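The values are calculated or read from the model by the stated rules, or taken from the named source; none is laboratory data. Since this is a predicted model, take the numbers as computed values, not measurements. Counting neighbours? That spans all protein chains shown, and the Cβs are built from the backbone with ideal geometry, glycine included.
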């Protein structure tokens, strides 16, 4: 590790780039050596420190207004809506919501109709109900009826 009094030009520029122009943000172990070095060599660091101070001010402002050109480039890359607006403005097509409503209506009517007409068939016999219920428990349903249920 470097002693507190020794710092190179490259390291000083690294500190400026990484931590900014304010000495309060610099690492404590190198702060004194940095200030001393910058006082001895102002021609090397004045420009770099001014650039970092400008960047610090920009980043610290919290609000950066994009240029008009950048805004236009971003807006051009957004997908086209085909003239439609979300609030039903000019060019709003009623076809998409109508198609969705028709699809929902068709699905509900098929479901209700299938459920109603599918349940009209005759009820399953008691043996089938027992077989279905007891199969899930791993029981042999024929044990519940005794020897006369196996067809003999």
Against the definition (within 32 Å of the chain's Cα centre (by Cα), modelled with pLDDT of 75 or more and either surrounded by fewer than 10 Cβ atoms within 10 Å (Cβ to Cβ) or assigned to a helix (DSSP H, G or I) (or both)), how does residue 66 come out, yes or no?
no
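Is the range 45-57 home to any residue that is at pLDDT 75 or above and farther than 30 Å from residue 13 by Cβ?
So the first thing to find is which residues in the range 45-57 are at pLDDT 75 or above, and the list is 45-57.
Narrowing further to those that are farther than 30 Å from residue 13 by Cβ: none.
No, the conditions are met nowhere in the range 45-57.
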